[in-house]
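Here the structure comes first, spelled out in structure tokens, and everything after it is commentary.
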Amino acid sequence: MDLQTFMTAMNAARPLDGLTVYLQALWYAGKGDWDHAHELVQDLPDRDAAHIHAYLHRVEGDQWNADYWYRKAGEKSPAVGLETEWQQLVNSMLTAGKK
């Protein structure tokens, strides 16, 4: 799957079948369903989940919590807007084979 296919799928009522939990969380985040996105990644122990978790807390406006999760992910808080970060995360999950 590529970014364009994922972006087209954002028009659907639910995420495409077969998406990883990471891409599902980003799909819900892109649709504005913060709670569902957060629920999907909040208990996952890996760095990718921590990175998405950080992004979600940044969306929420809780920068302190976001910074904690960026550190857990081994990332720095980005100097880009939320939409750009969302696209970067989607691309990262797509190219990392987390389809």
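Tabulated values for the structure
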item	result
Residue, farthest from H53 (Cα to Cα), within segment 13-28, restricted to residues that are touching a residue at least 24 places away in the same chain (Cβ under 8 Å) and either surrounded by 21 or more Cβ atoms within 10 Å (Cβ to Cβ) or among the hydroxyl-bearing types (S, T, Y) (or both)	T20
Qualifying position, being modelled with pLDDT under 95, surrounded by 11 or more Cβ atoms within 10 Å (Cβ to Cβ) and touching a Gly at 6+ places or on another chain (Cβ under 7 Å), among M10, M1	M10
Residue under evaluation W69, criteria (1) farther than 20 Å from D2 by Cα; (2) surrounded by fewer than 19 Cβ atoms within 10 Å (Cβ to Cβ), criterion not met	(2)
Complete set of residues in segment 72-99 that are over 14 Å from F6 (Cβ atoms) and among the hydroxyl-bearing types (S, T, Y)	S77, T84
Test: residue in segment 57-71 that is within 23 Å of T95 (Cβ to Cβ) and within 12 Å of the chain's Cα centre (by Cα)	yes
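The values are calculated or read from the model by the stated rules, or taken from the named source; none is laboratory data. Just so it is clear, the structure is predicted and the values come from calculations on it, not from any experiment. Note that we place each Cβ from the backbone using ideal geometry, even for glycine, and neighbour counts take in every protein chain shown.
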